[in-house]
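Got a structure here, written out as structure tokens. Questions coming.
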Amino acid sequence: MKIKITSVIVDDQEKALAFYTDVLGFVKKTEIPMGESKWLTVVSKDDENGIELLLEPCIFEPGETYQQALYEAGIPCISFQVNSMDYEYERLREFNVEFTMRPTTMGNVKIAVIDDTCGNKIQLVEVL
């Protein structure tokens, strides 16, 4: 058994696609129209056959409640590994990304938390 697809609830799929590709650097893998929303996934540009991230439309109340509760509690909904936190911090600041937690070393990792502009906080992790 292995993980093939995981998801993040987003309040706007087009806005999320722009953020996750243009800002974070993922690439679009799949886009299939499904009524008012779509099956929309992105992958790491370094592993285009790897784990897909589904940009899940927030179209039902339990999802909205869950997303809002995590956001208000300051809990990241997902975590992405980076090679260099210092590099990513400077690069993302150029895109005016909001850091809700600046890079912080905790044991053998350096972590930061950003706002994805689509209703989520995302944790970035560098293993030291």
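List, please: which pairs have Cβ atoms under 8 Å, are six or more places apart or on different chains, and start with a residue in the stretch 78-93 that is over 11 Å from Val125 (Cα atoms) and end with one that is assigned to a helix (DSSP H, G or I) and at pLDDT 95 or above?
Leu92/Val23
Shifting gears a bit: Just to be sure I understand, how many residues within the stretch 75-97 are assigned to a helix (DSSP H, G or I) and in contact with a Lys or Arg (Cβ under 9 Å, 6 or more places away or on another chain)? Show your work before the answer.
Within the stretch 75-97, the subset assigned to a helix (DSSP H, G or I) is 85-94.
Next, only the ones that are in contact with a Lys or Arg (Cβ under 9 Å, 6 or more places away or on another chain) stay: 85-86, 89.
Result for the stretch 75-97: 3.
Restricting to the stretch 39-74, and then to whatever is assigned to a helix (DSSP H, G or I) and of a type in the set (D, E, K, R), can you tell me which residue is farthest from Met101 (Cα to Cα)? First the steps, then the outcome.
The first filter runs over the stretch 39-74 and keeps only residues assigned to a helix (DSSP H, G or I), leaving 61-73.
Filter once more, so that each one left must be of a type in the set (D, E, K, R): 61, 64, 72.
Working: Glu61: 28, Glu64: 23, Glu72: 14 Å.
Filtering the stretch 39-74 for residues that are assigned to a helix (DSSP H, G or I) and of a type in the set (D, E, K, R), the one farthest from Met101 (Cα to Cα) comes out as Glu61.
Among the residues of the stretch 100-114, what is the count of those that are over 21 Å from Ser44 (Cβ atoms) and assigned to a strand (DSSP E or B)? Show your work before the answer.
Here is the first cut: in the stretch 100-114, the ones over 21 Å from Ser44 (Cβ atoms) are 100-102, 104-108.
Then keep just the ones that are assigned to a strand (DSSP E or B); that gives 100-102, 104-106.
Residues meeting the conditions: 6.
Counting just the residues of the stretch 39-69 that are under 13 Å from Cys118 (Cα atoms) and either of a type in the set (Phe, Trp, Tyr) or touching a Cys at 6+ places or on another chain (Cβ under 9 Å) (or both), which one comes out surrounded by the most Cβ atoms within 10 Å (Cβ to Cβ)?
Top of the filtered list is Leu55.
Which ones in the stretch 71-96 are more than 19 Å from Ile9 (Cα to Cα) and either buried (at least 16 other Cβ atoms within 10 Å of the Cβ) or among the basic types (Lys, Arg) (or both)?
Of everything in the stretch 71-96, those that are more than 19 Å from Ile9 (Cα to Cα) and either buried (at least 16 other Cβ atoms within 10 Å of the Cβ) or among the basic types (Lys, Arg) (or both) turn out to be Val82, Met85, Glu88, Tyr89, Arg91, Leu92, Arg93.
Determine the pairs where a residue that is under 18 Å from Ser79 (Cα atoms), located within the stretch 1-12, has a partner that is assigned to a strand (DSSP E or B) and acidic (Asp, Glu) with Cβ atoms under 7 Å apart, the partner being 6 or more residues away or on another chain.
Lys4/Glu52; Ile5/Glu52; Ser7/Glu56; Val8/Glu56; Ile9/Glu56; Val10/Glu56
Can you say whether Val42 is touching an Asp or Glu at 6+ places or on another chain (Cβ under 9 Å), among the aliphatic types (A, V, I, L, M) and at pLDDT 95 or above, as far as the supplied structure shows?
yes
Name the residues in the stretch 1-38 that are crowded, with 17+ Cβ neighbours inside 10 Å, touching a helix residue (DSSP H, G or I) at 6+ places or on another chain (Cβ under 9 Å) and outside any loop (DSSP other than H, G, I, E, B), would you?
Once the filter is applied, which keeps residues that are crowded, with 17+ Cβ neighbours inside 10 Å, touching a helix residue (DSSP H, G or I) at 6+ places or on another chain (Cβ under 9 Å) and outside any loop (DSSP other than H, G, I, E, B), the stretch 1-38 yields Val8, Ile9, Val10, Val23.
The values are calculated or read from the model by the stated rules, or taken from the named source; none is laboratory data. What you see is a predicted model, and the numbers here were worked out from it, not measured in a lab. Note: ideal-geometry Cβ built from the backbone for every residue, glycine included; neighbour counts use all protein chains shown.
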